[in-house]
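To keep things clear, I will list the structure first and then write my remarks on it.
The values are calculated or read from the model by the stated rules, or taken from the named source; none is laboratory data. Since we're looking at a predicted model, the values are computed, not measured. Neighbour counts are summed over all protein chains in view; Cβ atoms, including those assigned to glycine, are modelled from backbone coordinates with ideal geometry. Ligands, DNA and RNA are excluded from the accessible area calculation, which covers all protein heavy atoms including side chains. Shrake-Rupley method; radii C 1.70, N 1.55, O 1.52, S 1.80 Å.
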Amino acid sequence: MTEQDFILKTYNSNIENGSVKWASPSNIALVKYWGKKKHQIPENPSISFTLSDCKTITEITYTKKQEKGFSFDIYFEGEKHEAFKPKIQTFFERIEIYMPFLKDYHFKIETSNTFPHSSGIASSASGMSAIALCLMSIENKLSVNKSDSEASQDYFNQKASFLARLGSGSACRSIEGELVVWGKNESMVDSSDLYGVKFEGDVHANFNNYQDTILLVDKGEKQVSSTVGHQLMYGHPFAQERFGQAHVNLAKLKAILASGDLNEFIKIVESEALTLHAMMMTSMPYFILMKPNTLEIINKIWAFREKTDSKVCFTLDAGANVHVLYPENEKETVLEFIKKDLTKYCQNEHFICDQIGQGANQIQL
Ligand code: PMV
């Protein structure tokens with residue numbers, strides 16, 4: 001697949017109006033994407049668990065209009081939200097070439113999250129993928145003379161992921177479950193820089209319903225956005241080493257996912273999280289997104305593992321919150337440990353329980 005394959009060539013512009021609705025999840029990377037080329041092409045491959053309950057639900061109502069040009073309104077949790085407009089405007093401009101009907105319709109975008117807005121959880125992955133999926137459903141309704149490949153489910157998912165990527169890189173890993181790989185690499189033949197693909201290797205039963213409890217250490221706005229962070233990988237002294245390491249870690253993780261070796265899984269996942277933050281601390285300018293409580297939690301997790309047989313581990317996004325990952329058979333003990341020893345480090349003792357999920361769903365209207 002190339003970019004050209006995603007350009008919609010003909011469509012039926014007689015359709016006056018309609019509505020589509022999707023629920024799309026967030027995802028948490030095990031091997032991290034940090035550093036990109038133009039048009040959100042990643043510098044290195046990444047792999048993530050798709051989440052189950054942390055989702056954005058988006059309905060788009062489209063209405064034919066006379067004059068050409070972008071026209072849309074955004075409602076967030078029932079209220080008009082002007083602050084989201086510039087991001088969507090940029091997104092529409094980027095994807096217009098692939099969806100020429102965008103200028104023929106007015107779009108009413110109504111969106112809400114299943115997780116609290118002010119939780120500090122990145123909603124761009126679930127948010128952008130939900131919009132991309134709605135636009136794909138609209139494209140399906142308008143398109144005529146589709147080739148067999150364009151009419152396939154694979155094409156739908158690939159183009160939805162391709163579009164989501166242009167909204168926010170990691171959003172391209174939110175279309176499907178349970179594990180998604182993004183970025184061309186030797187370990188996965190179908191992998192692509194343009195879109196995420198379902199992980200094609202074997203996955204051991206140890207990873208069934210893998211748990212992710214998100215500890216909300218800091219719900220505030222991040223001091224440095226991931227856009228800026230990605231940029232700081234240009235000319236970063238350790239960049240090339242890091243990009244190479246991600247390829248190696250992905251290959252290792254593929255074998256670990258098949259064997260079910262949780263000790264090795266922990267090593268890769270925690271090292272990836274700390275490497276991500278090490279990149280931030282060693283860029284110029286340097287910055288730190290972890291908070292003292294992030295480190296308290298990490299140390300408590302290590303001490304708990306030392307003391308018990310637990311396979312609990314942590315990973316981090318570009319922020320202070322901690323994702324606590326553990327197998328389903330440890331659900332009770334780890335939750336007890338979290339409640340007893342870790343929630344005191346969370347803002348208002350707030351945490352969110354989630355687990356590995358199956359990807360986005362269309363909601364029939
Ligand atoms: O999708 P972006 O541009 O917000 O980048 C997010 C990058 C990380 O969350 C830090 C890592 C990842 O692979 O999701």
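Just a few scattered comments:
- Unique match (being closer than 30 Å to residue 134 by Cβ and assigned by TED's automatic domain parsing to the domain that holds residue 284) among 220, 183, 260, 244: 220
- Odd one out for residue 187 among (1) open to solvent by 70 Å² or more (accessible area, probe 1.4 Å); (2) modelled with pLDDT under 95: (1)
- Matching residues in the range 195-221 - criterion: being touching a residue at least 60 places away in the same chain (Cβ under 8 Å), within 21 Å of residue 30 (Cβ to Cβ) and assigned to a loop (DSSP other than H, G, I, E, B): 195, 199, 208, 209, 210, 216, 217
- Boolean, residue 55 is farther than 30 Å from residue 251 by Cα and in the same structural domain as residue 193 (by TED's automatic domain parsing): no
- Scan of the range 296-327 for residues that are within 24 Å of the chain's Cα centre (by Cα) and either surrounded by fewer than 17 Cβ atoms within 10 Å (Cβ to Cβ) or within 15 Å of residue 226 (Cα to Cα) (or both), ordered by number: 316, 317, 318, 319, 320, 321
- Residue within the range 323-334 that is on the phi > 0 side of the Ramachandran plot, assigned by TED's automatic domain parsing to the domain that holds residue 279 and not basic (Lys, Arg) present: no
- Test: residue 365 is in contact (Cβ under 8 Å) with a residue 60 or more places away in the chain, outside any loop (DSSP other than H, G, I, E, B) and more than 16 Å from the ligand (Cβ to nearest atom): no
- Test: residue in the range 169-176 that is away from the ligand (no atom under 14 Å from the Cβ) and in a strand (DSSP E or B): yes
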